[in-house]
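Visitor: The structure that follows is given in the form of structure tokens.
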């Protein structure tokens, strides 16, 4: 006589839902962070080259300047 046993491991739906909500929250936080920095970038891009020079920023370094806390130089 043969005996068969199967074990199917499934992730509980609650854990899947919790993981989905956590990743959605991270995506929303990232979106808000990028949007808030976009305002800073647009403000600096609206300045003249002389005004930027007064701030010690080159036009090509505006994005780096705004996101410098995220990068290592």
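Visitor: As I understand it, the value is the acute angle between the Cα axis of helix 13-45 and the longest principal axis of the Cα atoms of the chain; what does it come to in degrees, rounded to 10?
Guide: Around 10 degrees separate the two axes.
Visitor: Please report, for the Cα atoms of the chain, the Rg to one decimal and the Dmax as a whole number; what are they, in angstrom?
Guide: Rg and Dmax of the chain, Cα atoms, are 24.6, 90 Å.
Visitor: Now for a separate question. Suppose the chain between residue 39 and residue 21 were pulled fully straight at 0.36 nm per residue; how much longer would it get relative to their current alpha carbon spacing?
Guide: 3.7 nm
We did not get these values from a lab; they are worked out from the coordinates using the rules stated. The shown structure was predicted, so the numbers you read here are calculated from the model rather than taken from an experiment.
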